[in-house]
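Engineer: Sending over a structure as structure tokens; questions will come in a sec.
Taken together, the values in this text are just the output of simple stated rules run on the coordinates, not laboratory data. Remember, it's a predicted structure, so these values are computed and weren't measured experimentally. Using ideal geometry, Cβ is built from the backbone for each residue, glycine included, and neighbour counts are taken over all protein chains shown.
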Amino acid sequence: MAKLGNTPAKTVDVADSYAVRLMQHLVVPTFVIDPKRRVVIWNKACERLTGVAASEVIGTNKHWQAFYEAKRPCLADLVALDQPEQLPEFYSEYAARGHNGLGFSAENWCVMPKLGSQLYLAIDAGPIHDEAGNLIAVVETLRDLTDQKRAEMALKELATKDGLTGLSNRRSFDQMLMSEWARAQRTQKPLALLFVDVDHFKLFNDEHGHQTGDECLRAIARVVSRHAVRPLDLAGRYGGEEFALILPEMSRDDACAIAEEIRRAVMALQIAHGAHGAGDHVTLSVGVACHIPGEADDAPNGLLGAADQALYAAKRLGRNRVVCSERVLAEFAALGSDNGPVSGQVPAAAPRKSA
């Protein structure tokens with residue numbers, strides 16, 4: 001077996017030491033690397049946790065293969081290299097307890113290639129020094145927190161999701177809008193917002209009952225959520241029969257195109273309405289606003305107001321349509337006042353610098 005470092009006679013042979021034999025039978029998954037980051041101990045609990053036998057890694061630098069598919073340092077490697085600055089690059093949660101001192105702690109999801117399933121591991125790694133202060137080994141211990149993490153994620157999801165539709169709830173929407181507003185202000189890129197409202201939904205409930213109304217809302221929520229495809233897009237239930245879609249870094253014209261896709265997709269569902277005063281099938285009205293926040297824009301109230309006004313205009317002009325804010329609102333207002341309510345296709349949006 002390898003020895004812990006290359007110090008003179010005081011170095012204890014790993015294979016014969018009582019401490020090593022004890023470590024081999026610890027219930028805590030543990031492995032040890034030497035200063036050259038070669039594995040010298042891989043205990044039985046570590047074998048059970050990873051599915052990797054000690055014989056596969058002892059004497060090698062391949063311990064990463066037990067946890068990840070692509071080569072990257074484990075926490076013990078960062079301790080051996082004394083590189084706390086790399087912790088944020090590799091771990092979602094981490095703490096450094098001093099250079100050449102007590103080591104590092106971290107948590108993250110590991111893919112566990114031999115097991116074929118992901119585990120969320122809490123990891124501690126600490127250095128062992130000789131009397132002269134030279135590094136002779138790094139010990140890494142592991143705890144499986146997968147069940148706790150999944151329970152935590154489930155609770156978090158319950159706190160942020162709307163119980164009926166599964167979309168983000170109003171609180172989560174408000175938080176995301178503030179976050180994306182601040183980011184748009186820093187990057188000077190547009191932030192688009194859609195308000196989506198089910199036409200004549202009270203009449204639908206009166207005609208078909210609240211249970212069918214809930215089924216209708218769930219069907220529409222599925223359509224809306226299918227259009228929140230990028231990592232930072234967010235689809236939420238804003239309240240009642242109203243939905244909202246946050247689309248960061250998206251132009252007004254692209255946002256209007258998505259709004260039209262949503263409107264058409266709901267029409268294609270052919271959900272029967274038929275209540276007096278409504279059409280044969282359920283339709284949507286959509287208001288769209290887009291803006292690049294300036295330095296003085298400390299809150300997205302203007303964006304919310306513009307989207308709400310656009311939605312109001314869509315309702316007033318006959319429903320089942322998409323209306324984009326500002327100039328298009330003015331054009332719709334003029335069209336409505338001159339010719340009365342209109343129905344049918346959405347007019348082309350006029351170009352503008354921001355909206």
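Engineer: How far is it, in nm, from the label point at Met178 to the one at Met153 when both lie 7 Å from their Cα along the line to the Cβ?
Structural biologist: It works out to 2.6 nm between the two label points.
Engineer: Let me ask you something else. Step through the residues of segment 249-264 one at a time and calculate ³J(HN,Hα) from phi using the Karplus curve (6.51 cos²θ - 1.76 cosθ + 1.60, θ = phi - 60°), rounding each to whole Hz and writing x for Gly and Pro.
Structural biologist: 6, 10, 6, 4, 5, 5, 5, 5, 5, 5, 4, 5, 4, 5, 4, 5
Engineer: If each of Ala70 and Leu102 carries a label point 7 Å out from its Cα toward its Cβ, how far apart are those two points in nm?
Structural biologist: Modelled inter-label distance: 3.4 nm.
Engineer: Under 5 Å between amide hydrogens, which residues at least 5 positions from Ile136 or on another chain qualify, with H placed 1.01 Å from N in the peptide plane?
Structural biologist: Ile128, His129, Asp130
Engineer: Might you report the magnitude of the Cβ-based charge dipole of the chain about its Cα centre, with Lys and Arg at +1 and Asp and Glu at -1, to the nearest 20 debye?
Structural biologist: That gives a dipole near 540 debye.
Engineer: Per 0.36 nm of contour for each residue apart, how much would the distance between Arg226 and Asp82 grow if the chain were fully extended, relative to their Cα-Cα spacing?
Structural biologist: Extra length from Arg226 to Asp82 when fully extended: 47.3 nm.
Engineer: Ile41's amide H: which non-local residues (gap 5+, or another chain) put their own amide H closer than 5 Å, with H modeled 1.01 Å from N in plane and none for Pro or chain starts?
Structural biologist: Excluding prolines and chain starts, which carry no amide H, the hits are Val32.
Engineer: So what is the diffusion coefficient of segment 73-160 in µm² per second by Stokes-Einstein at 4 °C and 1.567 mPa s, using a Kirkwood Rh over Cα pairs?
Structural biologist: 91
Engineer: So, one more: If one computes P(r) from the Cα atoms of segment 90-141, what percent of pairs lie at distances over 15 Å? Please list the in-between numbers first.
Structural biologist: Numbers: 726 of 1326 pairs.
It works out to 55 percent of all Cα pairs.
Engineer: Please say if segment 14-150 is rounded, prolate or oblate, where rounded means a/c under 1.5 for a ≥ b ≥ c the square roots of the C-alpha gyration tensor eigenvalues, and otherwise the choice is prolate for a/b larger than b/c and oblate otherwise?
Structural biologist: Here segment 14-150 falls in the oblate category.
Engineer: Rounding to the nearest 10 and keeping the result within 0 to 90°, find how far the Cα-based axis of helix 146-160 lies from the longest principal axis of the chain.
Structural biologist: Relative to the chain, helix 146-160 is tipped by roughly 20 degrees.
Engineer: How many angstrom lie between the C-alpha centres of segment 252-322 and segment 132-147?
Structural biologist: About 55 Å separates the Cα centre of segment 252-322 from the one of segment 132-147.
Engineer: Which FRET efficiency, nearest 0.05, do Lys161 and Ala53 yield, Cβ-Cβ r, R0 41 Å?
Structural biologist: Computed FRET efficiency for Lys161 and Ala53: 0.45.
Engineer: In whole Å, largest first, what are the principal axis extents of the Cα atoms in the chain?
Structural biologist: For the chain, the Cα spread along each principal axis is 99, 46, 26 Å.
Engineer: In whole Hz and in residue order, list the ³J(HN,Hα) couplings for segment 230-238 that follow from phi through the Karplus curve 6.51 cos²θ - 1.76 cosθ + 1.60, θ = phi - 60°; x for Gly and Pro.
Structural biologist: Taking θ as phi minus 60°, the curve returns 8, x, 9, 5, 9, 9, x, 8, 7 Hz for segment 230-238.
Engineer: Taking the Cβ-Cβ separation of Ser251 and Lys36 as r and a Förster radius of 56 Å, what is the calculated FRET efficiency to the nearest 0.05? Write out the running numbers ahead of the final one.
Structural biologist: Working: r = 54 Å, r/R0 = 0.97.
After rounding, the FRET efficiency stands at 0.55.
Engineer: Quote the Stokes-Einstein diffusion coefficient, in whole µm² s⁻¹, for segment 161-339, based on the Kirkwood radius over alpha carbon pairs, a temperature of 37 °C and a viscosity of 0.692 mPa s.
Structural biologist: It diffuses with D of about 200 µm²/s by this estimate.
Engineer: Neighbouring Cβ atoms within 10 Å as the yardstick, rank Ile292, Ile258 fewest first.
Structural biologist: Sorted ascending by nearby Cβ count, the order is Ile292, Ile258.
Engineer: Does segment 125-218 come out rounded, prolate or oblate, given a ≥ b ≥ c as the square roots of the eigenvalues of its C-alpha gyration tensor, rounded meaning a/c under 1.5 and, failing that, prolate meaning a/b above b/c?
Structural biologist: Values: a/c = 7.22, a/b = 2.21, b/c = 3.26.
Oblate is the answer for segment 125-218, as a/c is 1.5 or above yet b/c matches or exceeds a/b.
Engineer: Sticking with the crude label model, points 7 Å out along Cα→Cβ, report the distance from Ala275 to Lys114 in nm, one decimal please.
Structural biologist: 6.2
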